[in-house]
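> Have a look at this one before I ask anything.
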Amino acid sequence: MSYLEATQDLYKEAALTPDVGLCCTTNPIWQFPGLSIPKIMQEMNYGCGSTVSAQDLVNNPNILYVGVGGGMELLQFSYFSRQKGGVIGVDSVGEMLEASRKNFKIAEEENDWFNSEYVNLVKGDALNLPVEDESIDVAAQNCLFNIFKIEDLKKAVSEMYRVLKPYGRLVMSDPICEQPMSEELRNDDRLRALCLSGSIPLKDYIKVLTDAGFGTIEIRGKRSYRVLSPNHYPTDELIHIESIEIAAIKDPMPEDGPCVFTGKTAIYFGNEEYFDDKKGHVLQQNQPLAVCDKTAAALANASDEIYISESTYHYNGGGCC
Ligand SMILES: C[S@@+](CC[C@H](N)C(=O)[O-])C[C@H]1O[C@@H](n2cnc3c(N)ncnc32)[C@H](O)[C@@H]1O
């Protein structure tokens, strides 16, 4: 059995018998005014972090969500879109689609603004999305892509890129890991499916996105997620896994490479009123400007009167490019 089939089996079980232990969220569940999230959806929250941000959801976007789980984030997206078929949910596990369908019926009873028809559930594979080219404004996945081995991850990301409209956004939450893992861990299909042994370093994750063509990357959050300790897992040292929230925007690729925002800020502290790098960046004296890593490096070279902060991994827009 391939690791992809083992993953299907695990989530088939998790659909038939909800498993609170699989819940790996690393932030509180967003409760918006007038939104009631059914208990069963919370118990079937098999994601980490969140992919739902109001900032991405202006102008009635078409939303695609891949790997639906119990449907909680699709309900949260529907809260903003509130239109028939406004959210397309794709999952390769029929039992998971059926479970989420039932959960949406419960959500209808608890939320008078919600109609199950707001969500269009479709059986399909992240590696071959049943979605037309350039038809989606916001595509999301939470805790699915980390399970994929590198070639499949590239394929899944290229599928998201294909279906997004120009300037569309791919929003994701996934575990990452900066430490090496043993082959035994990497090749354990069950641990991989449980989102414990597939994660890769952040820079490799970003590279898959920029290689696919995404011109802008935003790291919006980074938190501790799990540890794999030698007394529980086949590892000689303690492995720390984090989770990230990340957006990849289908902007044209800049000639000098992608803009990757990791939460750096530039502050000019010279005697002039402002500093102008003549490349589109004007820093008012002692005013913070959120900058991508590329601009941060260029500004650091351009003047010794500019303070560049460390990455906070908490970028929420408004930056230099
Ligand atoms: C870790 S769960 C995450 C569920 C949901 N995103 C959440 O945050 O609760 C992974 C989801 O992806 C689905 N899945 C697994 N392999 C898939 C594939 N190849 N294509 C699409 N969905 C898949 C599973 O059925 C499950 O719903």
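> Condition check: closer than 20 Å to S2 by Cβ and assigned by the TED database to the domain that holds M41. Does N115 satisfy that?
no
> Among E110, E132, which is within 26 Å of Y205 (Cα to Cα), in the same structural domain as G49 (by the TED database) and open to solvent by 10 Å² or more (accessible area, probe 1.4 Å)?
Sole residue among the options that is within 26 Å of Y205 (Cα to Cα), in the same structural domain as G49 (by the TED database) and open to solvent by 10 Å² or more (accessible area, probe 1.4 Å): E132.
> Among residues belonging to the range 122-162 that are closer than 18 Å to T216 by Cβ and of a type in the set (A, V, I, L, M, F, W, C), point out the one that is nearest to the ligand (Cβ to nearest atom).
Across the range 122-162, the extreme among qualifying residues is A140.
> Out of all the residues in the range 213-234, which are open to solvent by 20 Å² or more (accessible area, probe 1.4 Å) and farther than 30 Å from G318 by Cβ?
Within the range 213-234, R226, V227, P230, N231, H232, Y233, P234 qualify.
> List the helices (runs of 4 or more DSSP H) that sit entirely inside the range 107-196 and contain at least 1 residues that are without any contact (Cβ under 8 Å) to a residue 12 or more places away in the chain.
Passing ranges, in order: 150-163, 183-186.
> Given the range 1-102, what helices (runs of 4 or more DSSP H) lie entirely inside it while holding 2 or more residues that are over 22 Å from R226 (Cβ atoms), open to solvent by less than 10 Å² (accessible area, probe 1.4 Å) and modelled with pLDDT of 95 or more?
By residue number, 72-81.
> I'd like the residue in the range 161-180 that is of a type in the set (A, V, I, L, M, F, W, C) and over 14 Å from the mean Cα position of the chain (by Cα) and, out of all such residues, is surrounded by the most Cβ atoms within 10 Å (Cβ to Cβ).
Looking at the filtered set, the residue picked out is L164.
> Test L97 against the criterion of being away from the ligand (no atom under 11 Å from the Cβ) and either in contact (Cβ under 8 Å) with a residue 12 or more places away in the chain or under 19 Å from G47 (Cα atoms) (or both), and give yes or no.
Spelling it out, it is not the case that L97 is away from the ligand (no atom under 11 Å from the Cβ) and either in contact (Cβ under 8 Å) with a residue 12 or more places away in the chain or under 19 Å from G47 (Cα atoms) (or both).
The values are calculated or read from the model by the stated rules, or taken from the named source; none is laboratory data. Since the model is a prediction, treat every value here as computed from it, not as a measurement. A quick note on method: Cβ atoms are made from the backbone with ideal geometry, for glycine too, and the neighbour counts reach across all protein chains shown. Note: accessible area is taken over every heavy atom of the protein model, side chains too, but ligands, DNA and RNA are not part of it. Shrake-Rupley method; radii C 1.70, N 1.55, O 1.52, S 1.80 Å.
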